[in-house]
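This is the structure I want to talk about, given as structure tokens.
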Amino acid sequence: MILKKFLIWLVKSIIILLLVTFIFSAVTLDFPKLISGIFSDVYGYSSPEAQKEAIGSLAQTCYELNKGDELTFQDICTNQSARQQIEDNCIQYRQSKRQGMQFENEQELEETCYQLESGQIDEDCKKMSDAGAFADKSKLGSLCRSYSNQEIDDKQFFAGFIGMYIGSQGEPKIGFLDKYHKIMNFLNSNKIIYFMVILILFAALYFITGNTQEFLLIVAGISLSLGIVIMLPYFGIIMYEKLIGFDTTPVMSSIFGISSSLDPKSILSVVLLLLLRTYNEFIITLGIILLTAGIAGKIYGIALRKRNEEQAAAPKPKKKNKS
């Protein structure tokens, strides 16, 4: 009997763990969008002063982007016409130098042309590109114009700006996010095997119980446990927001170099907001359904057990003696 209970508990625990990961793996996170959303939350839950400083810094970047026609290193790496312009200038410089012409900025031209001709610029461009250091300048310019024309508000401008740089860097290698993403990719790539393992475990559970009614009650318990595991963190985060509230001002100030101090509450706020972003309508709806089904199953199990106890306690009819 003890062995049977232990096996039921063990199989139940494995099923719950696998189903939770299976449910969350059904929603593949778009990391650039996720990080952009997190920074949008960081902006939204920071103080008006920190928001003003952040928008001012980004607006200055837009101003510097639009002023003058001077080529940047990003232009040389990402714009073929800009690269061609540098090559043409170097060819003209070499030809003019052979003819004996002098240049005021000869040292600068010599260094630039050497870097281009030796392949150093190509190597540096590749390193910068691999590191995700380039954002799409045309898209950034479009975002700046939309903000300047008041087509988007401060929060949309901030989220779009951050999201654009995150998108240019690909999927971020950020601690547990990177591990989580790898696990979810593995599960999504092996869903059939994963699903078959879950079915085998349910079959094993039915075999251990040896009773359809008992098996269904255990399944109801699994449903309740799944609902609690899925929804408890969600409700906990909502309650935290209502009772304590998020404060990301130190994080916002740290991003833009206004301050370097981070307090535990601001870090916790970012972590909770990140967890909240992993919940979507599908997961919340499924969690509520599982919770409701589990509670209904538990109520039915209690009623069934009570009825069985009453039947067991009821006096049995006496047999009549044959004369």
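Laboratory data are not the source of any read-out in this text; all were calculated from the coordinates shown. This one's a predicted model, so the numbers in the text were calculated from it and none came from an experiment. So basically every Cβ, Gly included, is an ideal-geometry build from the backbone, and we count neighbours across all protein chains shown.
Suppose R0 equals 22 Å. What FRET efficiency, 1/(1 + (r/R0)^6) with r the Cβ-Cβ distance, do THR61 and SER142 give to the nearest 0.05?
The value I calculate is 0.95.
Quick check: residue separation of ILE289 and SER189 times 0.36 nm, minus the Cα distance between them. What number comes out in nm?
Values: separation 100, 0.36 × 100 = 36.00 nm, distance 2.67 nm.
Stretched out fully, the ILE289 to SER189 stretch lengthens by 33.3 nm.
What list of ³J(HN,Hα) values in whole Hz, one per residue of the stretch 207-215 in order, does the Karplus curve 6.51 cos²θ - 1.76 cosθ + 1.60 (θ = phi - 60°) give from phi, with Gly and Pro shown as x?
Values per residue, Gly and Pro as x: 5, 5, 5, x, 8, 4, 5, 5, 4 Hz.
Could you compute the FRET efficiency for PHE22 and LYS242, with r as their C-beta to C-beta distance and R0 at 25 Å, rounded to 0.05?
Values: r = 31 Å, r/R0 = 1.23.
Rounded to the nearest 0.05, the efficiency is 0.20.
If you don't mind, there's one more thing I want to ask. Over 31 Å between Cα atoms: which of LYS191/LYS265; LYS155/LYS265; LYS12/LYS191; LYS97/LYS139; LYS139/LYS191; LYS242/LYS306 fall into that group?
LYS191/LYS265; LYS97/LYS139; LYS139/LYS191; LYS242/LYS306
Which residues does a label at LEU268 reach in the stretch 213-233, if reach means a backbone N under 20 Å from a point 7 Å past the Cα toward the Cβ?
232-233
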